[in-house]
Structures are given as structure tokens and as C-alpha cells.
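A.B. asks: Just passing along the structure, written as C-alpha cells.
The values are calculated or read from the model by the stated rules, or taken from the named source; none is laboratory data. Quantities reported herein were computed from a predicted structural model and do not represent experimental measurements. Cβ atoms come from the backbone with ideal geometry, glycine included; neighbour counts cover every protein chain shown. The protein model used for the area step is the full one, side chains on, heavy atoms only, and it has no ligands, DNA or RNA in it. Shrake-Rupley method; radii C 1.70, N 1.55, O 1.52, S 1.80 Å.
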Amino acid sequence: MNDLANKHIVLGLSGGIACYKAAELCRALVKAGASVQVVMSEAAAQFITPVTMQALSNRSVYTSQWDAREPNNMAHINLSREADAILVAPASADFMAKLLHGRADDLLSLMCLARPIAQVPLMLAPAMNREMWQHPATQRNMAQLKADGAFVLDVGQGEQACGETGDGRMLEPEEILADLISHFQPKLLAGQHVLVTAGPTFEKIDPVRGITNLSSGKMGFAIARAAAEAGAQVTLVAGPVSLPTPRGVQRVNVQSALQMQAAVLQHVDAASVFVATAAVADWRVAEVAEHKIKKDGSGDLPVLQFTENPDILAGVAQSERAQSGGLFCVGFAAESHDLLHHAKAKLARKGVPLLVGNIGPATFGQDDNALLLVDAHGSQELPHAHKLVLARQLVAEIARRIRR
Ligand code: CTP
């Protein structure tokens with residue numbers, strides 16, 4: 001995924017032990033397709049060398065406003081005009097205090113002050129000791145920096161280099177990368193609350209066995225991520241999968257279809273969009289054995305009785321809010337053949353305004369997919385692509401339909 005293709009990122013480092021993570025971050029930005037120009041404060045160069053950052057960014061690093069390499073000797077102007085975004089990671093308490101006052105006594109602060117504020121976003125990834133983070137001065141500075149138009153990222157929680165434990169660690173490089181990528185996505189679902197189901201369900205047979213299916217949850221997780229990137233509040237009800245939770249998404253873990261239904265019913269009233277990607281088991285075992293079913297040596301085979309699971313999507317789609325247009329429902333159909341025919345039939349049967357068909361065996365567990373969108377007006381193909389690319393396209397289609 002070249003999510004940052006054609007983006008030029010100025011990566012600023014102020015002084016702090018989290019500078020060691022900036023090396024990994026630089027690498028991640030380059031891998032995502034960005035060109036990266038590193039600017040370091042004098043303090044940052046105490047923690048990591050410009051040589052390391054040059055090697056990773058493939059560009060010589062700027063550390064001083066007196067750098068004579070620039071023909072006009074105005075590195076702060078030239079660097080800030082070229083940038084699609086300035087990302088300061090780590091942003092130390094001292095650096096943020098400095099920014100707040102509009103001080104400009106080194107290249108990094110000078111460049112941030114000189115940036116064209118309406119065109120070049122400034123993102124700060126704070127990193128500091130927990131006491132420094134909680135100090136009213138830091139909290140006050142952050143609030144003011146946000147009011148001045150900076151995007152201040154969250155901090156991580158956990159063990160700190162000083163040996164203390166608490167809030168103030170810099171986010172991990174992949175988290176910062178995800179926040180930056182998200183920043184560049186159009187906010188098509190701002191103000192919406194999207195509820196997504198994803199993954200398989202697991203229906204118990206006994207305490208150690210169960211019935212499940214091959215759904216990996218990747219498509220649903222990609223949709224949750226794309227919706228969050230588009231500015232929606234997102235709740236993701238996930239069956240048993242070990243995928244990481246997308247940034248900013250509220251995740252509810254469930255196992256069985258009944259648990260998934262309960263979680264959906266708990267959250268659906270707050271939602272304005274419901275996307276059901278989960279591969280819900282159609283049946284569950286009627287009586288789950290209390291103890292492990294053992295071979296008794298007789299050769300007799302165990303007999304399982306099944307009962308039907310509720311259809312979560314159809315139930316939600318029949319609700320008054322969905323029927324009156326207050327809740328936009330999207331169904332998925334995983335088929336093995338005759339996709340258009342089955343998708344059209346399912347659109348009618350589930351009573352949803354949009355049904356997304358895909359070929360199950362071709363996509364289960366894969367990173368890419370192809371989708372067929374079916375609604376009352378006809379059908380539309382979203383050709384083969386990475387699931388996140390398709391998820392962003394689907395989000396745009398949903399946004400277009402709810403605006404109508
Ligand atoms: N779905 C659901 N609850 C169920 C079964 C399905 O919410 N108990 C949702 C899925 O999340 C998906 C859509 O309904 O959005 C289609 O599911 P699918 O299993 O493909 O369809 P079925 O209704 O089970 O039809 P069939 O088994 O005939 O393909």
C-alpha cells in the first residue's frame with residue numbers, strides 16, 4: 001500500500017529519548033511512498049545522529065538555520081513551502097512550549113512558525129515523562145496549540161525510559177503513520193456513527209470444540225478503518241480474529257452469533273450506518289455439552305442437533321429507524337458462484353438499500369478482493385484491489401448514498 005505516494009513530509013525531531021523511534025517512523029513513511037525531509041533540533045542530535053536519519057530518508061538532514069546549502073539561506077521558508085505536512089515526532093514538552101509562544105530560535109521552531117498555516121498541517125507527536133505530561137503547563141500548552149491549528153496526536157501509556165509508568169510515551173511508529181495517512185483522507189463520514197460486524201462466529205459444541213468458518217475479518221476491519229479515516233465514530237463488533245484494532249475504532253469482541261446480535265443491538269441505536277460484513281454461522285448446536293464429549297470406545301458417533309441463529313442484519317434492516325431512512329444498512333454476500341444473481345436476491349431478502357457481493361473462497365484470508373455493489377438502481381463493480389482501497393471506495397459510495 002503506497003498510502004503516502006506523492007506526499008512530501010517534513011519530519012521534525014525535538015529532543016527526547018523517543019528519538020530512537022523516529023528512525024523507525026522515517027522508514028515507515030518512506031515505505032508508505034512519501035519523500036521525507038528530516039529536520040532536527042540540537043537536542044535531538046544528542047539522542048540520534050543525523051547520519052542515521054540521512055541514511056533512512058535518503059536526504060541530508062537540516063539541523064541549523066545557518067545552513068549555507070540553501071542558495072537564499074532561508075531553509076525555514078524553503079522547507080516549509082515544499083511540505084504536504086510537517087510532523088514533529090517526538091515533540092518534547094519544551095518544544096511545544098516554545099511553539100506556543102511563537103518562538104523561533106532554531107531551525108525547527110522557525111520552520112513551524114513560518115509554515116503557511118492554511119496549506120501545511122502541523123502534527124505533533126508528544127513524548128515525555130508522565131509528570132511532565134500531566135503538568136498543567138503542558139496540558140494548557142497543548143490546548144492552546146490545538147486552538148492555534150496544530151494536530152496534537154495522542155500519547156501512549158506504559159513503561160517509560162525513566163523507569164516510571166504512565167501516560168506520555170510517544171505513539172508507536174505504525175500508529176503515527178496510521179494517523180498521518182488518516183489525516184489525508186477526505187472526511188466523507190464526519191458526524192456519522194458507523195457500526196460494523198466482522199469476522200466469523202464461533203459456535204460451541206462442548207468446552208473445547210466448536211464450529212466456525214474461514215472468514216478472516218480483514219474486509220470488515222478495513223471498512224472500520226476506512227470509516228474512521230473518513231471522520232466517522234466507529235464501533236466494530238468482531239468475532240474471534242486476531243487482527244489489530246484500527247486506530248480510533250471502538251472494538252467489541254464476541255464469539256457466538258447470539259453474542260454478536262446482543263452487541264449489535266446494544267450499539268445500533270447510536271449508529272447512523274450499519275455494515276454487516278461478518279460471516280455469521282447460520283446454525284448453532286442446540287445443546288452445548290457441559291463437559292468435553294469423549295470417545296467411549298463403543299464406536300458410536302456423537303449426534304449433534306442444530307438450531308437456527310437469528311439473522312442479525314435482516315432484523316436490524318426491518319427496524320423502524322432503518323425503514324424510515326435514519327439508519328443506512330449495508331449487507332455483504334459471500335458466494336461461490338453466480339454473484340450477481342445471488343447478490344440481487346439477497347438485497348431483496350435482507351431488505352437493505354445496498355448489498356455488497358464477493359466470491360468467498362477467492363477472498364477469505366486474502367489481503368485483496370473484488371466487490372460487486374448491488375442496489376435498487378443496478379450493479380457496479382469495484383475491481384480487484386487491496387481490501388483497504390476497496391473499503392475506502394465503499395465508504396465513498398455509502399457517503400454518496402446517505403447524502404442523497
Ligand atoms: N448475516 C447476519 N446474520 C446472520 C447471517 C447473515 O447478519 N445470521 C448477514 C451477514 O453479515 C451478511 C449478510 O447477512 O451481511 C449475508 O450473509 P450470508 O451468510 O451470505 O447470507 P445468508 O442469509 O446466510 O444466505 P445463504 O446462506 O443462503 O447464502
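A.B. asks: Where Lys and Arg each count +1 and Asp and Glu each count -1, what net charge lies around Leu327 among other residues with Cβ under 13 Å from its Cβ?
C.D. replies: 0
A.B. asks: Let me ask something else. Okay, helix-only estimate at 222 nm for the chain: each DSSP H run of n ≥ 4 adds -39500 (n - 2.57), divide by all residues, round to 500 deg cm²/dmol; what do you get?
C.D. replies: -10000 deg cm²/dmol
A.B. asks: At a Förster distance of 25 Å, what's the computed FRET efficiency of Met1 paired with Ala262, Cβ-Cβ distance as r, to 0.05?
C.D. replies: Between Met1 and Ala262 the formula returns 0.10.
A.B. asks: Please report the orientation-averaged projected area of region 3-92, defined via the convex hull of its C-alpha atoms, in nm².
C.D. replies: Result: 5.3 nm².
A.B. asks: Shifting gears a bit: How much FRET efficiency would the formula 1/(1 + (r/R0)^6) give for Thr212 and Thr49, where r is the Cβ-Cβ distance and R0 is 41 Å, rounded to 0.05? If you can, show how the numbers build up before the last one.
C.D. replies: Values: r = 50 Å, r/R0 = 1.23.
E between Thr212 and Thr49, to the nearest 0.05, is 0.25.
A.B. asks: With the cut-off at 20 Å, tell me which of the pairs Lys204/Lys295; Lys204/Lys292; Lys218/Lys346; Lys7/Lys31 have Cα atoms farther apart than that.
C.D. replies: Going by Cα-Cα distance, Lys218/Lys346 fall outside the 20 Å limit.
A.B. asks: Compute the accessible area per residue over the chain, keeping the other protein chains in place, probe 1.4 Å, unit Å².
C.D. replies: I get 48 Å² per residue for this part.
A.B. asks: Sort region 138-204 into rounded, prolate or oblate with this rule: let a ≥ b ≥ c be the square roots of the eigenvalues of the Cα gyration tensor; rounded if a/c is under 1.5, and if a/c is not under 1.5, prolate when a/b is larger than b/c, oblate otherwise.
C.D. replies: Oblate, since a/c reaches 1.5 and b/c is not below a/b.
A.B. asks: Quick one: 3J(HN,Hα) in Hz for region 290-306, Karplus 6.51/-1.76/1.60 with θ = phi - 60°, rounded, Gly and Pro as x.
C.D. replies: 5, 10, 4, 6, 9, 5, 9, x, 7, x, 6, 8, x, 10, 9, 9, 10
A.B. asks: Does region 193-402 come out rounded, prolate or oblate by the C-alpha gyration tensor, with a ≥ b ≥ c the root eigenvalues, rounded set by a/c under 1.5 and, if not, prolate when a/b is larger than b/c and oblate if not?
C.D. replies: Prolate is the answer for region 193-402, as a/c is 1.5 or above and a/b outweighs b/c.
A.B. asks: Same structure again: What is the list of residues in region 230-262 whose amide nitrogen lies under 16 Å from a point 7 angstrom out from the Cα of Ala270, following Cα to Cβ?
C.D. replies: It comes to 232-238, 248-253, 262, nothing else.
A.B. asks: Of all DSSP beta bridges located in region 160-272, what percent are antiparallel, nearest 5?
C.D. replies: Working: 3 of 14 bridges.
Bridges in region 160-272 that DSSP calls antiparallel: roughly 20 percent.
A.B. asks: When N is the residue count of region 8-184, what does its C-alpha Rg come to as a fraction of 2.2 N^0.38 Å?
C.D. replies: Compared with the compact-globule rule of thumb, region 8-184 sits at 0.95.
A.B. asks: Another question, if that's okay. May I ask you to give the percent of accessible area on the chain that is carbon plus sulfur, with a probe radius of 1.4 Å?
C.D. replies: That share works out to 51 percent.
A.B. asks: To the nearest 20 debye, what charge dipole does region 262-336 have about its Cα centre, counting +1 at the Cβ of each Lys and Arg and -1 at the Cβ of each Asp and Glu?
C.D. replies: 200
A.B. asks: With r defined as the distance between the Cβ atoms of Glu159 and Arg321 and R0 fixed at 30 Å, what FRET efficiency is calculated, to the nearest 0.05? Walk me through the numbers on the way to the answer.
C.D. replies: Numbers: r = 45 Å, r/R0 = 1.51.
The calculated FRET efficiency here is 0.10.
A.B. asks: Moving on to the next point. Using only the Cα atoms of the chain, what are the Rg and Dmax in Å?
C.D. replies: 25.4, 91
A.B. asks: Using 0.36 nm per residue of separation minus the Cα-Cα distance, give me the extension gain between Asp367 and His337 in nm, one decimal.
C.D. replies: 8.8 nm
A.B. asks: Answer with one residue from Phe47, Ser14, Asn2: the one whose Cα lies farthest towards the positive end of the charge dipole of region 1-85, charges on Cβ with Lys, Arg +1 and Asp, Glu -1.
C.D. replies: Towards the positive end, the residue furthest out is Asn2.
A.B. asks: Moving on. Starting from 0.36 nm per residue, how many nanometres of slack lie between Asp167 and Arg140 once their C-alpha separation is accounted for?
C.D. replies: Here the answer is 8.1 nm.
A.B. asks: Let me ask another. Using the per-residue mean of other Cβ atoms lying within 10 Å as a proxy for protection, in what order, highest first, do the peptides 105-115, 129-139 fall?
C.D. replies: Details: 105-115: 21.2, 129-139: 14.6.
Final packing ranking: 105-115, 129-139.
A.B. asks: Okay, moving on. Nearest 20 debye, what's the magnitude of the dipole of the chain about its Cα centre given +1 on Lys and Arg Cβ and -1 on Asp and Glu Cβ?
C.D. replies: Computed about the Cα centre, the dipole is about 660 debye.
A.B. asks: Next up: Assigning unit charges at the beta carbon (Lys, Arg +1; Asp, Glu -1) and nothing else, what dipole magnitude in debye, to the nearest 20, does region 65-200 show about its Cα centre?
C.D. replies: On the way: 10 positive and 17 negative charges, 96 e Å.
The dipole magnitude comes to about 460 debye.
A.B. asks: May I ask you to list the trypsin sites (Lys or Arg not before Pro) in region 282-355 that are in a DSSP loop and have at most 10 other Cβ atoms within 10 Å of their Cβ? Show your work: numbers first, answer last.
C.D. replies: Values: sites: Arg284, Lys292, Lys294, Lys295, Arg321, Lys344, Lys346, Arg349, Lys350; in loops: Lys292, Lys294, Lys295.
Passing sites in region 282-355 are Lys292, Lys294, Lys295.
A.B. asks: Next question. For the peptides 60-72, 196-208, 356-368, what is the packing order when you average, over each peptide's residues, the other Cβ atoms within 10 Å and list the highest mean first?
C.D. replies: Result, highest mean Cβ count within 10 Å first: 196-208, 356-368, 60-72.
A.B. asks: A further question follows. Can you give the extra length, in nm with one decimal, that the chain gains between Asn253 and Ser379 once fully stretched, where that is 0.36 nm per residue apart less the Cα-Cα distance?
C.D. replies: Contour length minus Cα-Cα distance gives 42.1 nm.
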